[in-house]
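As structure tokens, the structure follows; a few thoughts come after it.
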Amino acid sequence: MHYRIIPTDPEKYDVEQGRWRVTTSAYLYEFRTPDNAKLWAMHWHPAGKSHATFPHLHLYTVRSEGHFVTPRQTLESAVQWCIEMGAEPQNPQWRTVLAESEGIHQLYRSWSEDPPPPTTDR
């Protein structure tokens, strides 16, 4: 995950009193098997060198090359996918923890809709 820490209100910024938030600028989440084989990857790299600067999913067992267009994904959704595919959660209340964390993100995120997806995949 690539992120920046920014003031919540730059015009009212005060070093001692200011509040900060984290904004995601790119992500590269993936799930691998115990023998290191990639099963899937969630990517969003808008400033990358790839033509696929939109949020997308790689499903290596379905199509080794290619990008399935998706909405932007949260870290919490990637963690949930990993657990549902067999990763052992460290907290038995993981669903609650992820839901609470994602709820805070949804409340304060600066985006709610993604731009229209590209019409073709290269």
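All of the numbers you see were taken from the coordinates with simple rules; none came from a lab. Just so it is clear, the model here is predicted, and its values are computed rather than measured. Cβ sites come from the backbone with ideal geometry, for glycine too, and all protein chains shown count toward neighbours.
Applying 1/(1 + (r/R0)^6) with r as the Cβ-Cβ distance of Ser25 and Ile104 and R0 = 25 angstrom yields a FRET efficiency of 0.85.
Which of the three applies to the stretch 1-104, rounded, prolate or oblate, going by the alpha-carbon gyration tensor with a ≥ b ≥ c and a/c under 1.5 meaning rounded? Oblate. Checking every one of the GluC sites (Glu not before Pro) in the stretch 1-90 against DSSP loop status and a limit of 16 other Cβ atoms within 10 Å picks out Glu16, Glu65. With θ taken as phi - 60° and the Karplus curve 6.51 cos²θ - 1.76 cosθ + 1.60 applied, the whole-hertz 3J(HN,Hα) list for the stretch 94-110 is 4, 4, 5, 4, 5, 5, 5, 5, 5, x, 4, 4, 5, 5, 10, 5, 8 Hz, x standing for glycine and proline.
Less than 5 angstrom separates the built amide H of Tyr3 from those of Ser25, all sequence-distant by 5 or more or on a different chain.
Couplings 3J(HN,Hα) for the stretch 39-54, derived from phi with the Karplus relation 6.51 cos²θ - 1.76 cosθ + 1.60 (θ = phi - 60°), are 9, 8, 8, 9, 10, 8, 9, x, 9, x, 7, 6, 5, 8, 8, 8 Hz, where x marks Gly and Pro. Note on Val69 and Gln90: with the Förster distance fixed at 25 Å, the Cβ-Cβ geometry gives a FRET efficiency of about 0.20.
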